[in-house]
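Read the structure below first, then the notes.
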Amino acid sequence: MGECAFFLVPAHRKSAIENLKVAFKGEKTEAEIRAIAKGIFRNLGENLFEILSASKLTPRNIDRHVRIRGLDIVDKALSQKRGFIVLSAHFGNWELLAGWFGLKKYPVNVLARRLRYEKFDDWINSLRRKMGVNVVMRDESPRTILKLLKDGQSIAILADQDISSVEGVFVDFFGHPAYTPTAPVILALATAVPIIPMFIVREGNSHTIYVEEPLELEITGNKENDIKVNTEKWSKVVESYIRKYPSQWVWVHNRWKTKNEDN
């Protein structure tokens, strides 16, 4: 169905191909870019069916579908009881990333924005809660997030999209300036909690969660510069995963929508 959608939704197909050409200019051929674009739609199609079946997942059977590498990093962060920020992206099947931890009884909190279609928004959030995932809406008070971190819990943020309504800075992304949310770094600097990058990769008929070591944040005392430098630092981690698995990121999103007036 995902591959069918590649042919049936020309606007999204065109957007994905154009974005891939910007990112991989001089690196990939037209045929390679088209194959990656088709893979994107296939991955999204597989995501849809997996999400529709997610209610069947249990703490016991989830391991048949999802493996994890680096769980000790999470356990160590939780043992320190000072909270941490999970930095991820709209990559692989990101709902299963949070779902694995929720089903395994880890305290999971994800930052989400309300969807325009209210019924679908209610359905996806109900599914998340069934998997043990607590949803914090982006328009809620920042105190909610601060309390979670103060209580030694985590907050997961997907900060890989160009959203003009949130505070951000321009950092390099695939060789081009991209408007990037600064919330993960602002939170980390304000609360002195670590940022732990985490991604779920589709590998055949299963998935592997990769947990990276906490980012080494640069703190110079120049707040504006520290925010920009560290935002670019985590953005490069996201880029590294996308480069390795290009068909697993949502290239239909225009990552360079907002233009940098300084350039």
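Please treat every number below as a calculation from the coordinates, not as lab data. The structure presented is a predicted model; accordingly, all values stated were derived computationally and were not measured. Methodologically, a virtual Cβ is constructed for each residue, glycine included, from the backbone with ideal geometry; neighbour enumeration extends over all protein chains shown.
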**Prompt:** Taking the chain as a Gaussian network, where each spring joins two C-alpha atoms under 10 Å apart, which residue of Ser141, Ser165, Ser247 fluctuates the most?
**Reply:** Ser165
**Rounded if a/c under 1.5, otherwise prolate or oblate - the stretch 112-263, Cα gyration tensor axes** = rounded
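Taking only Cα atoms of the stretch 1-111, what ratio of Rg to Rh do you get with Rh as the Kirkwood inverse-distance radius?
Value, to two decimals: 1.07.
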**Request:** Using Cα positions and a limit of under 24 Å, work out the lysines in reach of Lys25, with same-chain residues fewer than 8 apart set aside.
**Result:** Lys14, Lys38, Lys233, Lys236, Lys244, Lys257, Lys259
**Message:** Apply the a/c threshold of 1.5 to the C-alpha gyration tensor of the stretch 179-263 and tell me whether it is rounded, prolate or oblate.
**Reply:** oblate
**Request:** Excluding Ser15 itself, calculate the net charge of residues whose Cβ lies under 13 Å from the Cβ of Ser15, where each Lys or Arg counts +1 and each Asp or Glu counts -1.
**Result:** +3
**Hz values of 3J(HN,Hα) by residue in the stretch 206-223 - Karplus curve (6.51, -1.76, 1.60), Gly and Pro given as x** = 9, 9, 10, 8, 10, 9, 8, 4, x, 5, 8, 6, 8, 10, 10, x, 8, 4
**Message:** Please give the Cα centre distance for the stretch 138-169 versus the stretch 170-221, rounded to the nearest Å.
**Reply:** 13 Å
**Asked** Over the stretch 61-246, what is the percentage of antiparallel beta bridges among all DSSP beta bridges, to the nearest 5?
**Response** 40 percent
**Item:** Highest-fluctuation residue, Ile200, Ile36, Ile163 considered, GNM on the chain with Cα pairs under 10 Å
**Value:** Ile163
**Request:** Starting from the Cα gyration tensor of the stretch 122-206, take the square roots of the eigenvalues, sort them a ≥ b ≥ c, and report rounded, prolate or oblate (rounded when a/c is under 1.5, otherwise prolate if a/b is larger than b/c, else oblate).
**Result:** oblate
**Prompt:** In terms of Cα to Cα distance under 21 Å, which lysines are near enough to Lys147, apart from those fewer than 8 places away along the same chain?
**Reply:** Lys76, Lys81, Lys105
**Prompt:** Based only on Cα atoms, what Rg/Rh ratio does the chain have, Rh being taken as Kirkwood's radius?
**Reply:** 0.95
**Request:** Could you go through the stretch 108-125 in sequence order and give the Karplus-derived ³J(HN,Hα) for each residue, using 6.51 cos²θ - 1.76 cosθ + 1.60 with θ = phi - 60°, rounded to whole Hz, and x for Gly and Pro?
**Result:** 10, 10, 10, 8, 9, 10, 5, 7, 5, 8, 4, 5, 5, 4, 5, 5, 5, 6
**Message:** For the chain, set up a GNM with springs between Cα atoms under 10 Å and report which of Glu27, Glu46, Glu213 has the largest fluctuation.
**Reply:** Glu27
**Complete:** Residues whose built amide H sits under 5 Å from the amide H of Arg67, excluding neighbours closer than 5 in sequence, are His207, Thr208, Ile209
**Request:** May I ask you to list the aspartates and glutamates whose Cα is less than 17 Å away from that of Lys223, ignoring any residue fewer than eight positions away on the same chain?
**Result:** Glu167, Glu232
